[in-house]
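Data block below; observations after.
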Amino acid sequence: MTTRIEVPNRPSPRLRWALTDSWTMTERALAHWARQPWLVVTGLAFPLLILAMFLYLFGGGMTVPGGGDYRDFLVPGVFAVTMFFGVEATMTAVNADAARGVTERFRSMPMSPSATVAGRALADLLFSLLVLAILIGAGLLVGWDWHAGLGNALQAFALLLLLRFAFIWVGIYLGLLVGSQEGIATVQILVWPFAALSSVFTSPEDMPGWLGAIAEWNPLSATLHATRELFGNPGATGGSWVTEHAELMALLWPLAIIAVFFPLSVRAYRALGN
Amino acid sequence: MNSTGLAVEALGLRKRYGEKEALAGIDLRVPWGSVRGLLGPNGAGKTTTVQALTTLRRFDAGSATVAGFDVRREPARVRARIGLVGQSAAVDEVLGGAQNLALFGRLYHLDRATARRRADELLEQFGLADAGRKPVGTYSGGMRRRLDLAASLILAPPVLFLDEPTTGLDPRGRNEVWQSIRELAAAGTTVLLTTQYLEEADQLCDQISLIDEGRVIAEGSPGELKARLDRDYIAVVVRDADSVSAAAEIVGRLAVAIPEIDAERRVITAPVRNSVGGLTDVVRALGDARIEAEDIALRRPTLDEVFLHLTGNERSIEEVAA
């Protein structure tokens, strides 16, 4: 059998290739999860454990800024931190392909070059949507609720997925940049202080001044602040500029991250050919 | 297809990584339907050459045409006409063999049904049909390499690149891969493979390009290359270990280079210019000195010896590779 595939020159069939190839790559990631359901389970167990741990173990000692129920304060935090920690999954998957030479095979094929990363981004976003849906269910089970209408709640979910989308590009960039498993481990450790230095579990107002300022400016806090407001959950207090403009910041931060890391990812991918 | 009638043509390929010049002007002309071996030690520039020709790596200077298309100007058209098997088996470990081939088929823009049918055909062809559903992570090294080879043949490309296709395989896996390469070549596929195994180049290739320090230092069929070393080798096995040095002295007097001595196996090897005459001289001289020989043989040089001779290096290819 000899099949000759003609490579399109014109933009519209090229775009069609980019879209179908991206979807094929997305399907590949979905097939991975179907083959390794335990990875899906552990991926879900982690945020659920955090939820249980902070709610039942530390919850008694926590105070909510401005008063209110700690559950209502915590659950959006778990949403946000889960979206953020997704950066590790993206990075590990991208790195594994590059290390095993699979990326090299893709690059030697007449497929759309953008599809390898675009497929990864779409797959991770779909997975995050599933995780978020399950976390919402878990949140409702432990007594969390939104109090400002479904429309606002949906906006909040959209902001959370936007945050995840932004960190997908960070993950792709780091996955291509970091050569070794040791590098991966380093990044996996560094995500913790990044998450802790936010308003996920405690309020920046309770931190020392300079630390609180960093925590307030953390992109994670921006999304979180905005979602707490949109859910009508407590904790969306504070008089600083960042907290006053939380929804704006929850848009600006992810867009800024994408503006930086999308071109960096493209450049790192191209640099594979240097 | 190609006005020059060549499947692969490279002219003066240069590539520099910082201080190191990986390619120092590689020239290659590979006719359609032939099997070409790039033979050389680790770091000679074999892999970089393959990566440059398969559009994976930019080169600094020179030009390259593969399957009739300029590698730099029309990389996508080149990619549609080549298959590449890299050094590490580049297949998805999590997915099954059939899933892998169907995935790559889809990425080659076959429709779903054709991709699946082609996957089954290739699994059958490479003796992987029974393992098709199992995850590739459970495959042996030879199976994985065959799947990798199958994945690069989805479009039945006219030009196939193989970068050290048998490195890391046991003898059985190596034979399986060799057999597949022979079948492809017999069916008319142009093959360019790199290897650091002389035997592999000898077994598979019509033409060999010896590569050292980013340059092609010699080219020809295995027989021609061996003939370039205008001498045969004489090997003497003496009966008595005590007479090894005396025998070596005699052989050394008649040979054109200092003999190599393997004291443990009592073997003395040296190149001689006039092969039959050299053999008689050695036999006579050993008899005069009353040194008893267990065996005396004349043989053609190995590719390793050709390589050493041409590079003027004391190291052998496989020593450097080890």
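Consider B:Glu200 carefully, then state whether it is surrounded by fewer than 18 Cβ atoms within 10 Å (Cβ to Cβ), acidic (Asp, Glu) and within 32 Å of the chain's Cα centre (by Cα).
No.
Give B:Ala156, B:Ala187 a once-over and let me know the one that is closer than 21 Å to B:Gln51 by Cα, free of Cβ contacts under 8 Å to residues at least 60 places away in the same chain and not charged (D, E, K, R).
Just one listed residue meets the conditions, B:Ala156.
Looking at B:Pro158, B:Pro165 in this structure, which one is under 20 Å from A:Arg107 (Cα atoms) and at the interface with chain A (Cβ under 10 Å from one of its Cβ atoms)?
B:Pro158
Just to be sure before I move on: is B:Leu107 within 12 Å of chain A (Cβ to nearest Cβ), under 21 Å from B:Thr194 (Cα atoms) and crowded, with 17+ Cβ neighbours inside 10 Å in the structure I sent?
It is false that B:Leu107 is within 12 Å of chain A (Cβ to nearest Cβ), under 21 Å from B:Thr194 (Cα atoms) and crowded, with 17+ Cβ neighbours inside 10 Å.
If we only count helices (runs of 4 or more DSSP H) wholly inside segment A:201-274, which ones have 1 or more residues that are free of Cβ contacts under 8 Å to residues at least 24 places away in the same chain and either basic (Lys, Arg) or in contact with a Lys or Arg (Cβ under 9 Å, 6 or more places away or on another chain) (or both)?
Correct list: A:246-271.
Of the residues A:Glu182, A:Glu229, which is at pLDDT 85 or above and among the acidic types (Asp, Glu)?
Of A:Glu182, A:Glu229, the one residue that is at pLDDT 85 or above and among the acidic types (Asp, Glu) is A:Glu229.
Where the second residue is surrounded by 11 or more Cβ atoms within 10 Å (Cβ to Cβ) and assigned to a loop (DSSP other than H, G, I, E, B) and the first is in contact (Cβ under 8 Å) with a residue 24 or more places away in the chain and lies in segment A:178-193, which pairs have Cβ atoms under 7 Å and are six or more apart or on separate chains?
Filtered contacts from segment A:178-193: A:Ile184/A:Val178; A:Val187/A:Val178.
Return the residues of segment B:61-82 that are facing chain A (nearest Cβ under 10 Å) and β-branched (Val, Ile, Thr); say none if nothing qualifies.
Across segment B:61-82, the qualifying residues are B:Val78, B:Ile82.
What is the residue count in segment B:126-165 for residues that are part of a helix (DSSP H, G or I), in contact with a strand residue (DSSP E or B) (Cβ under 8 Å, 6 or more places away or on another chain) and of a type in the set (D, E, K, R)?
2
Please give the helices (runs of 4 or more DSSP H) falling wholly within segment A:90-181 in which 1 or more residues are farther than 17 Å from B:Asp92 by Cβ.
The qualifying helices (runs of 4 or more DSSP H) are A:115-141, A:150-177.
Looking at segment A:24-38, which of the residues that are surrounded by 14 or more Cβ atoms within 10 Å (Cβ to Cβ) and among the small types (Gly, Ala, Ser) is farthest from the other protein chains (Cβ to nearest Cβ)?
Restricting to residues being surrounded by 14 or more Cβ atoms within 10 Å (Cβ to Cβ) and among the small types (Gly, Ala, Ser), the top hit is A:Ala29.
Quick one: A:Asp21 ticks every box in (1) assigned to a loop (DSSP other than H, G, I, E, B); (2) within 12 Å of chain B (Cβ to nearest Cβ); (3) touching a residue at least 40 places away in the same chain (Cβ under 8 Å) except a single one, so which number is it?
The single condition A:Asp21 does not satisfy is (1).
Taking the criterion of being modelled with pLDDT under 90, surrounded by fewer than 16 Cβ atoms within 10 Å (Cβ to Cβ) and hydroxyl-bearing (Ser, Thr, Tyr), would at least one residue in segment A:47-63 satisfy it?
Looking for residues that are modelled with pLDDT under 90, surrounded by fewer than 16 Cβ atoms within 10 Å (Cβ to Cβ) and hydroxyl-bearing (Ser, Thr, Tyr), one finds at least one in segment A:47-63, hence yes.
The values are calculated or read from the model by the stated rules, or taken from the named source; none is laboratory data. This is a predicted model, so every value here is computed, not measured. Using ideal geometry, Cβ is built from the backbone for each residue, glycine included, and neighbour counts are taken over all protein chains shown.
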